[in-house]
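Shown next, in structure tokens, is the structure this report addresses.
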Amino acid sequence: MNVKPDFSKHGNKAETAPAFLSVWDLHAYYGESYIVQGISFNVHEGEILALLGRNGAGKTTTLRSIARMDNPQVNKGEIWLDHQPLHKMASYQASIAGLGLVPEDRRIIAGLTVEENLQLAQIAPPVGWSLDRLYQLFPRLGERRKQEGVTLSGGEQQMLAIARALARDIKVLLLDEPYEGLAPVIVDEIEKTLRIVKEQGMTTIIVEQNAVRALQLADRAVILDTGSIVFDGTAAEVLENEKLRAEYLAI
């Protein structure tokens, strides 16, 4: 009989380790489809966590559940951010509490310039991420501040989407497929920026099909398979484990 290998030797750390963001026994559905099946994991302050798995494993559903989006429907579980119960909040309340979701489609607002997209998101007065600071982090956006956001290249729109999230002085950055459709040189640039943001204390969860690039950026990794966690450990362990990568990431 073939038995699926168990790569979760480190276990889910949510029971023992102090955490900045904790997901506890999360269950989520799309209609009748049971997508996320009781997962628990921690993200520590200032850490980058790669949330990985094959298509349909439940990665984006997990990210949207943390962000308290209307879809998917979360039927059970708790999500805590810095002692705040996100599971009791609507999406706008979770946003105020410090979550910044950058969705795969970026959702740049048509008819607004780069600067207007940022100003719309920015709290007043800005505490951490002023426009000047954002333009230092993303020089291309500074050069195009008066250009309509939707006319930017794909890579520049991704930069704008990340900058717009940071403009709200968030505590946790949630990235859904940030490298999708981008040239390697642009991925390099965005990855460099995310490292700078990490150095300044940002906590990040990244969902990305380019698993190797995500693992090279991340401190830790959680791997999902059909809605359950099969690995929770360091990113280096995944990069070093050929059997694990082949079984669950097809790399």
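The values are calculated or read from the model by the stated rules, or taken from the named source; none is laboratory data. Note that the structure is predicted; figures quoted are calculated from it, not measured. Every residue, glycine as well, gets a Cβ built from its backbone with ideal geometry; the counts of neighbours run over all protein chains shown.
Among the candidates LEU160, LEU244, the residue that is in contact (Cβ under 8 Å) with a residue 60 or more places away in the chain, surrounded by 15 or more Cβ atoms within 10 Å (Cβ to Cβ), assigned to a helix (DSSP H, G or I) and not hydroxyl-bearing (Ser, Thr, Tyr) is uniquely LEU244. Can you find even one residue in segment 219-236 that is surrounded by fewer than 21 Cβ atoms within 10 Å (Cβ to Cβ), out of contact with any strand residue (DSSP E or B) (no Cβ under 6 Å at 6 or more places or on another chain) and over 23 Å from THR62 (Cα atoms)? No, because not a single residue in segment 219-236 is surrounded by fewer than 21 Cβ atoms within 10 Å (Cβ to Cβ), out of contact with any strand residue (DSSP E or B) (no Cβ under 6 Å at 6 or more places or on another chain) and over 23 Å from THR62 (Cα atoms). Hey, any hits in segment 131-145 for a residue that's hydroxyl-bearing (Ser, Thr, Tyr), over 20 Å from the mean Cα position of the chain (by Cα) and modelled with pLDDT of 95 or more? Yes, segment 131-145 contains a residue that is hydroxyl-bearing (Ser, Thr, Tyr), over 20 Å from the mean Cα position of the chain (by Cα) and modelled with pLDDT of 95 or more. Residue-level analysis places TYR30 among those that are in contact with a Pro (Cβ under 9 Å, 6 or more places away or on another chain) and touching a residue at least 12 places away in the same chain (Cβ under 8 Å). Before we move on, is GLN200 among the polar types (S, T, N, Q) and without any contact (Cβ under 8 Å) to a residue 24 or more places away in the chain? Taking the combined requirement at face value, the residue satisfies it.
Residues are listed down the side, and each one gets a yes or a no for (1) free of Cβ contacts under 8 Å to residues at least 60 places away in the same chain; (2) outside any loop (DSSP other than H, G, I, E, B):
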| residue | (1), (2) |
| --- | --- |
| ASP70 | yes, no |
| GLU78 | yes, yes |
| GLU104 | no, no |
| GLU116 | yes, yes |
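Going by the conditions given, is ARG140 charged (D, E, K, R), surrounded by fewer than 22 Cβ atoms within 10 Å (Cβ to Cβ) and part of a helix (DSSP H, G or I)?
yes
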